[in-house]
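Below: the structure, in structure tokens.
What follows draws every value from the coordinates through simple rules; no lab data is involved. Since we're looking at a predicted model, the values are computed, not measured. All Cβ positions, glycine included, derive from the backbone under ideal geometry; neighbour counts span all protein chains shown.
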2 protein chains.
Amino acid sequence: MPYTYDYPHPAVTVDIVIFTIEDDDLKILLIQRGNEPFKGKWALPGGFVEIDESLRRAAWRELKEETGVNAAFLEQFGAFGHPDRDPRERIITIAYYALIPAERLEIKADSDAQDARLFSMNDLPELATDHPKILRRALERVQEKIDDPVIALQLVPAEFTLTELQRVHERILGISLDKRNFRKKMLALDLVESTGGKRRDGRHRPASLYRAKDPADVPYR
Amino acid sequence: MPYTYDYPHPAVTVDIVIFTIEDDDLKILLIQRGNEPFKGKWALPGGFVEIDESLRRAAWRELKEETGVNAAFLEQFGAFGHPDRDPRERIITIAYYALIPAERLEIKADSDAQDARLFSMNDLPELATDHPKILRRALERVQEKIDDPVIALQLVPAEFTLTELQRVHERILGISLDKRNFRKKMLALDLVESTGGKRRDGRHRPASLYRAKDPADVPYR
DNA sequence: GCAAAAGTGTTTGAGGTACACCCATGC
DNA sequence: GCATGGGTGTACCTCAAACACTTTTGC
């Protein structure tokens with residue numbers, strides 16, 4: 001028991017809401033806890049902040065441990081620290097969200113997880129402690145930021161169709177958008193350019209492929 | 001040394017950026033540290049989170065200790081935890097900002113402060129540790145939120161003139177606004193109403209006084 | 001040929017921006 | 001009477017929203 005203090009100290013964790021789009025659906029990564037407390041319950045991936053590690057670095061480390069991803073859009077959105085959110089001790093968590101295209105995820109159940117997988121935002125299991133609240137706030141934050149068009153670009157492969165990009169907006173906002181208005185606006189922003197290629201998938205007209213015009217808009221790809 | 005843990009734990013504080021308008025100027029409250037580290041330097045008011053106290057409650061407690069105010073607009077905007085931001089030990093701080101009319105502030109130098117007073121955002125002293133960064137982020141957050149008209153209402157007395165309200169917008173954004181457009185928009189929003197009263201101050205036409213139409217917009221008054 | 005998604009323009013309304021002069025008061 | 005801030009209206013422009021048909025492909 002080597003670590004002693006004059007006053008009680010809380011533990012500090014980072015938790016990460018990892019959003020992705022899979023099967024035309026907005027999903028998040030959850031892990032099933034393998035140990036008490038909340039054993040068997042699903043929870044946001046996360047873990048303790050090391051004593052000599054910045055908050056952001058801790059978030060990156062956890063993200064990599066759970067998904068293999070070492071480059072992604074990652075942003076802090078809040079701190080949650082109600083005294084009884086964990087039965088072991090006082091734990092304050094700093095919450096981040098990440099936006100990652102599904103094909104880049106290599107989901108791994110980390111050390112104290114029984115299982116890890118994506119869940120649709122429309123079909124979530126019961127979550128541990130205050131994770132429903134954290135998740136709700138994460139979604140609100142992404143919805144507020146979706147007007148910044150680089151957000152949707154994070155959730156789409158390097159080459160994508162405009163319809164795919166539109167679907168990302170629709171799934172995040174939970175509403176449907178007008179195709180003509182969406183395309184007009186997106187092209188006017190001048191952030192994407194045609195690759196010249198087309199994608200054939202099914203018995204209908206092929207879709208033109210686009211990419212982000214400025215690679216800095218999707219730095220982690 | 002009664003508090004021992006298996007792993008090292010950081011300390012957690014709350015720091016508060018208290019914005020106000022005084023002398024037609026955007027100001028913040030700073031305290032001059034009375035003890036090491038950073039003795040003599042100016043810093044944001046704040047303090048340690050008690051072990052059984054929520055983050056928000058800690059922020060309220062500190063706010064009251066420094067200003068006597070027990071009701072105000074108070075919002076969390078970020079967590080800052082670079083490992084070497086404090087030389088004593090690892091300290092992670094949860095940052096809040098508050099918006100309070102100057103006349104409600106009763107500034108008190110708390111226990112370990114030599115002094116406490118308002119500083120113009122245009123004339124700040126050198127600040128301790130990462131407080132410049134925290135302050136910058138607080139201002140950015142308020143600027144982002146000023147489009148929500150209830151923000152400016154927090155910084156104005158219960159009765160105010162439209163010019164005063166316009167000045168709040170101007171000082172936060174750091175730009176000047178068109179008087180006619182500002183009034184048109186503010187009145188169209190239907191959030192304020194005339195009290196019928198007028199304020200005479202100086203050798204010019206008296207200004208009509210207004211109040212927030214819905215008291216819930218300024219719940220802390 | 002038909003089902004299915006891709007692709008394409010115009011009109012309308014709301015809201016933001018630019019802009020200049022008269023009014024009520026104190027001295 | 002003059003300096004000072006209070007108070008008012010119109011024209012223009014931009015951008016968001018509504019809206020329907022043709023094209024290309026696979027079967």
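In chain A, the longest principal axis of the Cα atoms and the axis of helix A:162-173 are about 40 degrees apart.
Remark: label point of A:ASP115 defined 7 Å out from Cα along the Cα-Cβ vector; separations to the same position in other copies 6.4 nm, ascending. Taken about its Cα centre, region A:1-128 carries a charge dipole of roughly 200 debye when the Cβ of each Lys and Arg holds +1 and the Cβ of each Asp and Glu holds -1. Does anyone have the angle between helix B:131-145 and the longest principal axis of chain B? Alpha-carbon axes, 0 to 90°, nearest 10? The helix B:131-145 is inclined about 30 degrees to chain B.
Under 1.5 on a/c is rounded, so check that first for the protein assembly as shown, then, if it is not, pick prolate when a/b is larger than b/c and oblate when it is not; a ≥ b ≥ c are the square roots of the alpha carbon gyration tensor eigenvalues. Spell out each step's value before the answer.
On the way: a/c = 2.20, a/b = 1.20, b/c = 1.84.
Judged from the Cα gyration tensor, the protein assembly as shown comes out oblate (a/c at least 1.5, b/c at or above a/b).
Over all directions, the projected convex hull of the C-alpha atoms in region B:116-174 averages 4.9 nm² in area.
What the Cβ-Cβ distance of B:ARG137 and B:ARG183 gives, at R0 = 25 Å and to the nearest 0.05, is a FRET efficiency of 0.20.
Suppose every K and R has +1 on its Cβ and every D and E has -1 on its Cβ; what is the size of the dipole of chain B about the Cα centre, in Debye to the nearest 20?
Working: 34 positive and 38 negative charges, 216 e Å.
Once rounded to the nearest 20, the dipole reads 1040 debye.
Per residue of peptide A:47-58, the mean number of Cβ atoms on other chains within 10 Å of the residue Cβ is 4.
Number of Lys-Lys pairs in chain A with C-alpha atoms under 25 Å apart and a separation of 8 or more places or on different chains: 29. Under the simplified labelling scheme, the B:GLU106-A:ASP110 pair shows an inter-label distance of 4.8 nm, with each label point 7 Å from Cα along Cα→Cβ.
The longest stretch of chain A left intact once loop-based GluC sites (Glu not before Pro) with at most 13 other Cβ atoms within 10 Å are removed from consideration, loops following DSSP, is A:1-88.
When a/c is below 1.5 the answer is rounded, else prolate if a/b is larger than b/c, else oblate, so apply that to region A:11-145 with a ≥ b ≥ c taken from the square roots of the Cα gyration tensor eigenvalues. Let's see the in-between values first.
Values: a/c = 1.33, a/b = 1.23, b/c = 1.08.
Rounded, since a/c falls under 1.5.
Net charge dipole, the protein assembly as shown: roughly 1920 debye, given to the nearest 20, about the Cα centre with Cβ charges of +1 for Lys and Arg and -1 for Asp and Glu. Between A:ASP24 and A:LYS64, the C-beta separation translates, for a Förster distance of 22 Å, into a calculated FRET efficiency of about 0.20. Along region A:206-211 the Karplus relation, 6.51 cos²θ - 1.76 cosθ + 1.60 evaluated at θ = phi - 60°, assigns HN-Hα couplings of x, 9, 5, 9, 10, 9 Hz to successive residues, with x for each Gly and Pro. For region B:107-207, the share of alpha carbon pairs falling in successive 10 Å distance bins from zero is 11, 36, 29, 18, 6 percent. Here the sum of -39500 (n - 2.57) over DSSP H runs of 4 or more residues, divided by the residues of the protein assembly as shown, equals -7500 deg cm²/dmol at 222 nm, to the nearest 500. Once the Cα atoms are used to define both axes, helix B:179-189 deviates from the longest principal axis of chain B by about 80 degrees.
Between copies, B:LEU191 shows label-point distances of 2.7 nm, shortest first, with the point placed 7 angstrom from Cα along Cα to C-beta. The length gained by stretching the chain between B:ASP6 and B:LYS39 to full extension, at 0.36 nm per residue less their Cα-Cα distance, is 8.6 nm. When both region B:18-38 and region A:175-209 are represented by their alpha-carbon centers, they are found 51 Å apart. Backbone phi angles across region A:2-15, fed through the Karplus curve with coefficients 6.51, -1.76 and 1.60 (θ = phi - 60°), yield HN-Hα couplings of x, 9, 10, 9, 5, 10, x, 10, x, 8, 10, 10, 10, 10 Hz in residue order; Gly and Pro are listed as x. Taking Cβ atoms as reference points and 12 Å as the exclusive limit, the residues near B:LEU191 contribute a net charge of -2, counting Lys and Arg as +1 and Asp and Glu as -1.
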